[in-house]
1. Between residue 179 and residue 253, what length comes free when the chain is fully extended (0.36 nm per residue of separation minus the Cα-Cα distance, one decimal in nm)?
2. For helix 13-30, report the angle its Cα long axis makes with the longest principal axis of the Cα atoms of the chain; keep it between 0 and 90° and round to the nearest 10°.
3. Between residue 346 and residue 234, what is the label-point separation in nm under the 7 Å Cα-to-beta-carbon projection?
4. Suppose each label sits 7 Å from its Cα in the direction of the beta carbon; what would the residue 162-residue 225 distance come out to in nanometres?
5. Please express the Cα-Cα pair-distance distribution P(r) of region 29-93 as a list of whole percents, one per 5 Å bin, running from 0 to the bin with the greatest distance.
6. At 0.36 nm per residue, minus the direct Cα-Cα distance, what do residue 33 and residue 18 gain on full extension? Give it in nm, one decimal, please.
7. To the nearest 500 deg cm²/dmol, what mean residue ellipticity at 222 nm is calculated for the chain from DSSP H runs of n ≥ 4 alone, each contributing -39,500 (n - 2.57), summed and divided by the residues?
8. Using all alpha carbons of region 251-371, what is the percent of pairwise distances in each 10 Å bin, ordered from the shortest bin to the longest?
């Protein structure tokens, strides 16, 4: 069943619409009940309306009701119901449409013939029409749910891959930081002692060869210390691939960050060129964390990133709209905003975060310009 459906979905939309209209027209031609001008005109209008079912599903369904009332047909109203159910999430509206379609299909035409048809037969026809109308609605809702699940599985896989990449970078950064501490605290200290002892031996030695050897040892020790300091600096400045994390990001990289965030976001405002490097890094990390949270916890939301200056304070505000789909239960360290708040406190600034009145979320970082 899935394979024919997949093949049908590959058919271009105009071709599929033409096939549907043709099938509805054949259905009317084979089961024409009311051959008056009004009946034929209503049938033609209902069949032609199916060509616009993707853009106006509810309107097209309403156009097929006269066809179901005046003719003994099934294709036009059922196709309209299926299209409406595939695109609408309003269950109450779908229930009303099913009942309305069943009434139109089971009511004898012309209306004066209801007494001849019999109330019992009319009721039986209504129950049969109700079950028939419910089938395409259930099938349309099933396809809608299948698409939602497929989209959510894709989002979960992307989010997990992103989390794995971030975790790998965090582990590498911790290992490099630990290695830098060991080199600074242990290796550098011992090499310094070697240099000091070699200097003392150079002063105290009487033998020229011993004095020259001590001088060489001291010179090599000093050179090794310089190289160790350079290596420690590089290790502390990097936590992953050098092309990504060295040098540290600045405000000039914000536009690229917003465009590659995976969220529909807009960057507004500007800051003076006197903003120092620590403040620029803090602002960049605030935007990065906020947009990551939008992608993880507010699927389908849009975001606004605004740089601003208020007197002697500068900052950034990231605001997102409410999600259009339920959020996904994704893993996380729950330390992103905590780290941003600590970074803000180091710069004598503040970080505010919380939900908005419209149902979205806002992150606002404020830093004194004078601290840089």
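1. So the chain would gain 23.7 nm between residue 179 and residue 253.
2. In the chain, helix 13-30 runs at an angle near 20 degrees to the longest axis.
3. Going from the residue 234 label point to the residue 346 one covers 2.3 nm.
4. With each label point 7 Å from Cα toward Cβ, the separation is 4.7 nm.
5. 3, 21, 29, 21, 14, 8, 3, 1
6. Additional length available on full extension: 3.0 nm.
7. For the chain, the value works out to -21500 deg cm²/dmol.
8. That works out to 13, 47, 32, 7, 0, in percent per bin.
Where a number appears in this text, it was derived from the coordinates with a stated rule and is not lab data. As the structure is a computational prediction, the values presented were derived from the model and not from experiment. Backbone-built Cβ (ideal geometry, glycine too); neighbour counts: all protein chains shown.
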